[in-house]
1. Of the conditions (1) polar (S, T, N, Q); (2) buried (at least 16 other Cβ atoms within 10 Å of the Cβ); (3) assigned to a loop (DSSP other than H, G, I, E, B), T198 satisfies every one except a single condition; which number is it?
2. From the list A418, A429, which one is part of a strand (DSSP E or B), of a type outside the set (S, T, Y), crowded, with 17+ Cβ neighbours inside 10 Å and within 16 Å of ligand 1 (Cβ to nearest atom)?
3. Could you look through the range 437-449, keep only residues that are more than 10 Å from ligand 1 (Cβ to nearest atom) and under 19 Å from L421 (Cα atoms), and pick out the one that is surrounded by the most Cβ atoms within 10 Å (Cβ to Cβ)?
4. Report, by residue number, each residue of the range 84-142 that is of a type in the set (A, V, I, L, M), away from ligand 2 (no atom under 16 Å from the Cβ) and either closer than 30 Å to P157 by Cβ or under 13 Å from the mean Cα position of the chain (by Cα) (or both).
5. May I ask you to say which residue of R120, R168, R189 is modelled with pLDDT under 95 and either over 28 Å from V240 (Cβ atoms) or in a strand (DSSP E or B) (or both)?
6. I need a count of the residues in the range 386-397 that are touching a residue at least 60 places away in the same chain (Cβ under 8 Å) and either surrounded by fewer than 22 Cβ atoms within 10 Å (Cβ to Cβ) or closer than 21 Å to L256 by Cβ (or both).
7. Tell me, yes or no, whether the range 426-433 has at least one residue that is out of contact with any strand residue (DSSP E or B) (no Cβ under 7 Å at 6 or more places or on another chain) and either more than 16 Å from ligand 2 (Cβ to nearest atom) or of a type in the set (S, T, N, Q) (or both).
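The values are calculated or read from the model by the stated rules, or taken from the named source; none is laboratory data. Nothing here was measured: the structure is a model prediction, and the numbers come from that model. When we count neighbours, we look across all protein chains shown, and the Cβ atoms used for this are built from the backbone with ideal geometry, even at glycine.
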Amino acid sequence: MITRRQALKGALFGGAAVAGGLAGASSLWAVPKRHDMIARNIDHQLMTDAPATKRMFTFGDAMPPTLRVKQGQPFHSRLINKLEEPTTIHWHGMRLPNDMDGVAFLTQHYVYTDDHFDYRFTPHDAGTFWYHPHCNSLEQLSYGMTGLMIVEEDEDPGFDHDIPVNLRDFRLGSDGQFVKLFQPRKSARAGTFGTLRTSNWQSAPVMDVKAGSLVRLRLCVTDVTRIYKLSFPQGTDAKVIAMDGNPVEPFAVNKLALGPGQRADIAMRIPDGEGEQIELTNYSSSSPWSVLSLRAIGQSLNRDLREIKPLPGNPIPQPDLKNAEYIPLEFSATAEKRPANPICGSLGFSFWAVNKRAWQGAERGPLDPVDVLKRDKSYVFEFINRTPHTHPIHIHGMTFQLLKSNKRQLAPWWTDTALVLPDERVQVAVRPDYEGDWLMHCHIIEHQESGMTAFMRVE
Ligand code: C2O
Ligand code: CU
């Protein structure tokens, strides 16, 4: 018999047991709830004025579920593949053991049809994260397989509503069916945009919330291409309180740039008057459009944003800038050529490169790392953008801090995905805490799959 105290003790030490690979220990003590993720095809009504979209890819039977877990507690997810092709799951923004990172060929084998794979790790950082396959990514992500993962703080900050928002487009024809996902001309530029803009797989949804309440809106851009610029109307009582999972000095939501892979947590107060609406608008395309609206319902709760507890910082290893090693990483365009037999993650073109090397897809292994780092040593990476396009640069398995740019003032945010503007040079600092091969790529998936990918080895 396991007493309640022992079970509690198990919960405390379960993380270490799982990380150390002692699977038996975790089943004896605290057994984390298993989140089964069934990868499958569905038909789903995305457009209101067209037939259901056929052969979407998802986890489960609608939009991929928002997973909610607690900081510091063991997480277990079983990927069960019911697709007609291999897949994996990558946990975007998580610091975790390399073999749980979900990159086909680099960190794990394909998970084939009817096969399964167990992901087990303990989230160190609280905040808004997300997950997606790292295998045939342009298709699997474009067809739907992007979901949010929320890691809750130990102490509840005190919101009345917590609303995850999966922001993305779908590339559909007027008949509601998928059309060709990319145009090579566009892949060689900013990328190919979707046609249907959605929040939680709906067009401009109106969400009911209590009047006078406090809302935590968790925006996550899971789109393969679009960089949003988000604003609330003047006078809205709202502040960004976290970026890319990590708390920031709160600031107003004014043309907030959010690229593929990025997240913003917004704390906002809903107006007191029943029926009043606040609209979130995107200004990144020539005609602004509504992302979502929040509508006040019922009697005012009369809350005040000052009642929210500030979010605690995450336990990220602090880089030692004085002893950091400098590593330049150059992102550039390249001449088009066709790699042989592109499988699992290549468009069949190479338009882009990291340090002058275009990633040839995953099939050519063994591949060389762009650099070899030491665990626990400090580094300053300089992302050098030699192109006239913005690239959201993402590094797996490590959270880095923005230091400076040659073009603008940067706040010292911790992130896993940084927007690097045309011709910009951005320096970031990092102290990797897990060994392994960590992928690094632009999160515009067409760029990722046409050369702008590399990996770092941490030893
Ligand atoms: Cu969202 Cu390679 O990552
Ligand atoms: Cu890019």
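1. Unmet for T198, out of (1) polar (S, T, N, Q); (2) buried (at least 16 other Cβ atoms within 10 Å of the Cβ); (3) assigned to a loop (DSSP other than H, G, I, E, B): (3).
2. Working: A429 fails: within 16 Å of ligand 1 (Cβ to nearest atom).
From the options A418, A429, the qualifying one is A418.
3. At the first step, the residues of the range 437-449 found to be more than 10 Å from ligand 1 (Cβ to nearest atom) are 437, 444, 446-447, 449.
Remaining after also requiring under 19 Å from L421 (Cα atoms): 444, 446-447.
On the way: I444: 27, E446: 28, H447: 30.
In this case the residue turns out to be H447.
4. We begin by selecting, within the range 84-142, every residue of a type in the set (A, V, I, L, M); these are 89, 94, 96, 100, 103-104, 106, 111, 126, 138, 141.
Imposing the further condition that a residue be away from ligand 2 (no atom under 16 Å from the Cβ) reduces the set to 89, 94, 96, 100, 103-104, 106, 111, 126.
Passing the criteria: I89, M94, L96, M100, A126.
5. Details: R120 fails: modelled with pLDDT under 95; R168 fails: modelled with pLDDT under 95.
Unique residue meeting the criteria: R189.
6. First, pick out the residues of the range 386-397 that are touching a residue at least 60 places away in the same chain (Cβ under 8 Å): 389-397.
Applying the additional criterion that residues be either surrounded by fewer than 22 Cβ atoms within 10 Å (Cβ to Cβ) or closer than 21 Å to L256 by Cβ (or both) yields 389-394.
So the count comes out to 6.
7. Yes; the residues of the range 426-433 include at least one that is out of contact with any strand residue (DSSP E or B) (no Cβ under 7 Å at 6 or more places or on another chain) and either more than 16 Å from ligand 2 (Cβ to nearest atom) or of a type in the set (S, T, N, Q) (or both).
Residues are listed down the side, and each one gets a yes or a no for (1) at pLDDT below 95; (2) part of a loop (DSSP other than H, G, I, E, B); (3) out of contact with any helix residue (DSSP H, G or I) (no Cβ under 9 Å at 6 or more places or on another chain):
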{"position": "P317", "(1), (2), (3)": "no, yes, yes"}
{"position": "P339", "(1), (2), (3)": "yes, yes, yes"}
{"position": "C344", "(1), (2), (3)": "yes, yes, no"}
{"position": "H389", "(1), (2), (3)": "no, yes, no"}
{"position": "P412", "(1), (2), (3)": "no, yes, yes"}
